[in-house]
């Protein structure tokens, strides 16, 4: 799971297939474009910088998982995901909670991304201060996402409830950021040690490339 170029290419292909599936019979074109744009932009950046810096295949795997979650959300504008509509009815929820899952992984996966990037580049050390910095960066990205949603509402002249998908929750933005925070913390405590081992091995590969 260190550097498997064939697997990385396969992940990219799967991502494009899911992107196409997401577009077919999507709920709303404006929402689909808005929600998929970040996935497309991030993918382009990763592809263009692949020769200069390669994340571990382990991380690309989680990146694909996160991208799929976002693309599924885009297809159903997050608020009408069929599985969570069923759960909503079954458990008598007041809202469709698929977007909460998306925001949880908005913390879970980016925490791993920033950790591997910062540590391998030597920007931070793996100590408590480094942990706090990574979590704050993740929360900053979560806040930026909320600002982008706000900007989309202004530019497209859409009502706030349409773009933000509040579903009656006046604390939607705060809850979304809380889920990202929880996701980052859970990522650290569940996969942190194993990811550290992979990062250590990737750093050895980085040093070999420099020689």
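Read the figures in this text as sums done on the coordinates, not as results from a lab. Because the structure is a prediction, the values reported are computed rather than measured. FYI the Cβ positions are ideal-geometry reconstructions off the backbone, even for glycines, and counts take in every protein chain you see.
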Q) Which order do 148, 12 fall in if you start with the one that has the fewest other Cβ atoms within 10 Å? A) 148, 12
**Q.** Contour excess over end-to-end distance, with Cα ends at residue 93 and residue 147 and 0.36 nm allotted per residue
**A.** 16.7 nm
Q) Counting each DSSP H run of 4 or more residues in the chain as -39500 (n - 2.57), what helix-only mean residue ellipticity at 222 nm follows after dividing by all residues, to the nearest 500 deg cm²/dmol? A) -26500 deg cm²/dmol
Q. When a footprinting reagent is the concern and you count Cβ atoms within 10 Å, what order do 27, 149, 208, 116 take, fewest first?
A. 208, 27, 149, 116
Q | Degrees between helix 57-75 axis and first principal axis of the chain (Cα, 0 to 90, nearest 10) | A | 10
Q: Arrange the following residues from fewest to most other Cβ atoms within 10 Å of their Cβ: 185, 113, 205.
A: 205, 185, 113
**Q.** Using alpha-carbon coordinates, inclination of helix 128-155 to the longest axis of the chain, degrees
**A.** 40
**Q.** For segment 5-198, alpha-carbon Rg over 2.2 N^0.38 Å
**A.** 1.05
(Q) Taking the Cα centroid of segment 84-134 and of segment 1-53, what is the distance between the two, rounded to the nearest whole Å? (A) 18
Q.
Under 8 Å for C-alpha pairs, at least 6 residues apart: give me the relative contact order for the chain, rounded to a whole percent.
A. 24
